[in-house]
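Read the structure below first, then the notes.
The values are calculated or read from the model by the stated rules, or taken from the named source; none is laboratory data. Owing to the predicted nature of the structure, the values given are computational and were not obtained by experimental measurement. All Cβ positions, even for glycine, are placed from backbone atoms using ideal geometry, and neighbour counts span all protein chains on display.
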Amino acid sequence: LDEPACVAVDAQGRMAVSEVGNARVQLFDANGQSLHCVKALQWGDDAPAEAFLEADQSGTVEELGMPMGLCFTAEGSLWVTDVYFHRILLLDRDMHPLHKFGSGGG
C-alpha cells in the first residue's frame with residue numbers, strides 16, 4: 001500500500017482501502033485476500049473495473065485521481081470521494097461504476 005488514506009468495512013467483513021500514492025482503491029475479503037484493485041473506471045456493460053488504462057478521448061475510461069474517503073452502503077456498494085477530480089463515485093459490489101457526481105480537474 002502506498003499512502004493509504006481511508007479504510008471502510010462492510011457487513012460481510014470486506015475491507016476497502018483508498019491509496020493516494022497509487023491513485024487506486026483496493027478491496028479485500030474478510031481474510032485479507034485481494035478481490036479487486038480499481039485504478040481506472042470504464043463506464044458501460046462490457047467494462048472491466050480492473051482495467052489499468054489511460055483516459056482516452058472518447059471519455060469512456062477515467063482514472064481515479066486521488067481517492068480518499070470511502071463508505072459502504074447497506075447493499076455492499078461503495079462510495080468513493082475523488083478529491084483530485086472533485087467528484088463522488090458509487091461503485092457496485094464488484095467495483096464497477098454506477099454513478100458519479102461532480103466534475104472538474106486537478
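Looking across region 70-90, the residues that are over 17 Å from H36 (Cβ atoms) and in a loop (DSSP other than H, G, I, E, B) come down to A74, V83, Y84, F85, H86. Of all the criteria given as (1) more than 18 Å from M15 (Cβ to Cβ); (2) at pLDDT below 80; (3) part of a loop (DSSP other than H, G, I, E, B), the one not satisfied by E62 is (3).
There is at least one residue in region 23-37 that is crowded, with 17+ Cβ neighbours inside 10 Å, at pLDDT 90 or above and among the aromatic types (F, W, Y).
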